[in-house]
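Notes to accompany the following structure.
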Amino acid sequence: MCGIFGYLGKQQAYPILIKGLKRLEYRGYDSAGISIFNEKIKTFKCKGKVSDLENHILQGSTAGTMGMGHTRWATHGPPNNINAHPHKSQHGHFVLIHNGIIENYSRLKKKLLALGYRFESETDTEVLVNLIEYIYLENKVTPEVAVRLALHKVIGAYGLVIQCSDAPGQLIAARKGSPLVIGIGKDEYFVSSDVTPIVEYTKKVSYLNDGEIALITRDTFSISTIKDKKLVPVFRQIDMEIGEVEKGDFEHFMLKEIFEQPRTIQDTFRGRISKELGTINLGGLFEVMPRLVNAKRIIIIGCGTSWHAGLVGEYLIEEFARIPVEVEYASEFRYRNPVILEDDIIIVISQSGETADSLAAIQMAQETGALILGICNVVGSSITRETHCGVYTHAGPEIGVASTKAFTAQVTVLTMLAMLLGKKRKLLSEASYGKFISELQEIPHKIHDILSDNAHFKSIAKQYKDVDNFLYLGRGYSFPVALEGALKLKEISYIHAEGYPAAEMKHGPIALIDENMPVVVIAPKDDSYDKIVSNIQEVKARGGIVIAVVNKGEKNISKMADHVIEVPTTNLALMPLLSIIPLQLLSYHIAVMRGCHVDQPRNLAKSVTVE
Ligand code: F6R
């Protein structure tokens, strides 16, 4: 979603802001802009990419050591030069950048119109900046107080950075529902919607909480609540290196992240499993383990890829720990008046830890007494702070909009959790528990093996890059993989793709099958192998093209399928960690061959912080 980056220090702000905005490009955006303070505030903005903004500014003077930049993902009003941020107030006192949505903006706008304010853009943001100015001029208060008073009148979500032309050397930032982090360097400060643009300057940060305002000047930094209660800032060290947010030798972040998976899965289980001792240890859940072990029901909540990981989690937990699990889309759950019992365990899965619907689902569940756990990747993110406890996935920053390594890390955590619960509930023998741990440790090597077949996946991609539709089929653990494979393809290549439980095909989708329809069938040698063989025959009988993902050495399906992708054998419960890899690469190559912008697909945002 929109990106925010502000700078106040001794260096020239412009190059720092542009670099910062480029680091935020992965969040998804359609226009960009910056404001720089040098005697007065100069603003440049335009539709398009940050590079378009640079071209747009070519002739402009950008001197100044304080400024802020924004990448906008349109909500109110289409992407164009006028709707792009920053927005300036009518009399020029304030300039503002904003992530989020001001829900009561039209009522506020009406009032401001009646007071003589005129608006250039269609945005809710311009309403807010004018409201701040109106309060500032009317009440003759400081800029910070004007911001505070204005925010009392606002309903909605925001991450804001504000400059006032009467207050040189001062940045004001405020947060409610949209993340903001402040980086503290030597004689310089940064404000950002996430840490990726900050990491190359400083590792010392302070996260703003909902309802907090930060006042940053050249030599001080203070935080207070919107109700003006002074707070002591809490500082943290970010554990991230600059290399993690750069592409290195890879053409795209997505490709880099797919190839990182042997390491990221290892990072997810490092220190948590021991082959020697035959143990799994999830430190973040230690204190709540008795409650988890005796759980009567688990509800897993997520969106998109995280929801797919949750579905794998359902199959795992029900199979190994025999606890009933329900998997819910956060956006449905939060609005459909679900039954949440006091002794329920809720697990919220989110890469970013900022997804608005998942956060809202947590807030709803908070009143019920249920225990709420998070499985998140971004350290310090909102979901990690709103849940009672949880497990970090430790996959490192995921920059490509299409989630890859986050999925396998989430599944790794869920697998460890299911096994641990199975063991503690005395449903798994010592021997099978130990065997399982050894198998999990082998997964990174096996993924290496799959990645070495990349050229083969590319050659398949070449043959089907121009089709209009794809179908993905799987049974059992392979069904969520089919859904995830289809999502990967549609989001980055814009080919329509559907994932289906293989046996459901004859209840509808079979009508779609003809000689133009590639059908990806995930068919490991599991209990339903014979049934999936029949499904493949049904597709072939109707002229469909079968791309089969099978275990190494498989003979039967290999004779029927048009293309065979082999993956190593493993414990069946671990198959999703292997079978998703070729599907990620197939989508990647198809998208590249179609000339799509793989890392920033159209209309998509990396973290969806609005409803
Ligand atoms: C798909 C994708 C999205 C996210 C979804 C949830 O590749 O990235 O479907 O999985 O928006 O995001 P998080 O996991 O950050 O809550």
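The values are calculated or read from the model by the stated rules, or taken from the named source; none is laboratory data. Just so we're clear, the structure is a prediction, and the values are computed from it rather than from any experiment. Cβ coordinates were reconstructed from backbone atoms using ideal geometry, including for glycine residues, and neighbour counts include every protein chain displayed. All accessible areas refer to the heavy atoms of the entire protein, side chains included, with ligands and DNA or RNA removed. Shrake-Rupley method; radii C 1.70, N 1.55, O 1.52, S 1.80 Å.
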Can you work out which of the residues in the stretch 322-351 that are open to solvent by 10 Å² or more (accessible area, probe 1.4 Å) and among the polar types (S, T, N, Q) is farthest from the ligand (Cβ to nearest atom)? ASN337
Taking the stretch 537-574 as the search range and keeping residues that are in contact with a Gly (Cβ under 9 Å, 6 or more places away or on another chain) and among the hydrophobic types (A, V, I, L, M, F, W, C), which one is least open to solvent (accessible area, probe 1.4 Å)? VAL549
Qualifying residues in the stretch 393-434 (those that are open to solvent by 10 Å² or more (accessible area, probe 1.4 Å), more than 18 Å from ILE447 (Cα to Cα) and hydroxyl-bearing (Ser, Thr, Tyr)) - the one farthest from the ligand (Cβ to nearest atom): SER429
Given the criteria touching a residue at least 60 places away in the same chain (Cβ under 8 Å), within 11 Å of the ligand (Cβ to nearest atom), of a type outside the set (A, V, I, L, M) and surrounded by 23 or more Cβ atoms within 10 Å (Cβ to Cβ), does SER381 qualify? yes
Can you confirm whether the stretch 129-152 contains a residue that is surrounded by 24 or more Cβ atoms within 10 Å (Cβ to Cβ), farther than 17 Å from ILE41 by Cβ and out of contact with any helix residue (DSSP H, G or I) (no Cβ under 7 Å at 6 or more places or on another chain)? no
What single numbered condition from (1) in a helix (DSSP H, G or I); (2) more than 18 Å from the chain's Cα centre (by Cα) fails to hold for MET254? (2)
Quick check: is even one residue across the stretch 194-201 over 19 Å from the mean Cα position of the chain (by Cα), of a type in the set (Ser, Thr, Tyr) and assigned to a strand (DSSP E or B)? no
For the stretch 482-497, indicate whether the set of residues that are open to solvent by 10 Å² or more (accessible area, probe 1.4 Å), more than 22 Å from GLY304 (Cβ to Cβ) and either within 16 Å of the ligand (Cβ to nearest atom) or part of a helix (DSSP H, G or I) (or both) is non-empty. no
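Report, by residue number, each residue of the stretch 292-321 that is away from the ligand (no atom under 13 Å from the Cβ) and open to solvent by 20 Å² or more (accessible area, probe 1.4 Å).
Filtering the stretch 292-321 down to residues away from the ligand (no atom under 13 Å from the Cβ) leaves 292-299, 312-321.
Hits for the stretch 292-321 are VAL293, ASN294, LYS296, ARG297, GLU314, TYR315, GLU318, GLU319, PHE320.
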Single residue of LEU583, LEU577, LEU572 found to be at pLDDT 90 or above, within 16 Å of the ligand (Cβ to nearest atom) and farther than 19 Å from ARG27 by Cα: LEU583
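Rundown of residues vs (1) charged (D, E, K, R); (2) outside any helix (DSSP H, G or I); (3) touching a residue at least 12 places away in the same chain (Cβ under 8 Å), yes/no style:
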| position | (1), (2), (3) |
| --- | --- |
| LYS45 | yes, yes, yes |
| GLU54 | yes, no, yes |
| SER61 | no, yes, yes |
| GLY67 | no, yes, yes |
| GLY77 | no, yes, yes |
| HIS85 | no, yes, yes |
| GLY92 | no, yes, yes |
| LEU96 | no, yes, yes |
Could you please give the count of residues in the stretch 359-378 that are more than 30 Å from LEU428 (Cβ to Cβ), within 16 Å of the ligand (Cβ to nearest atom) and not hydrophobic (A, V, I, L, M, F, W, C)? 1
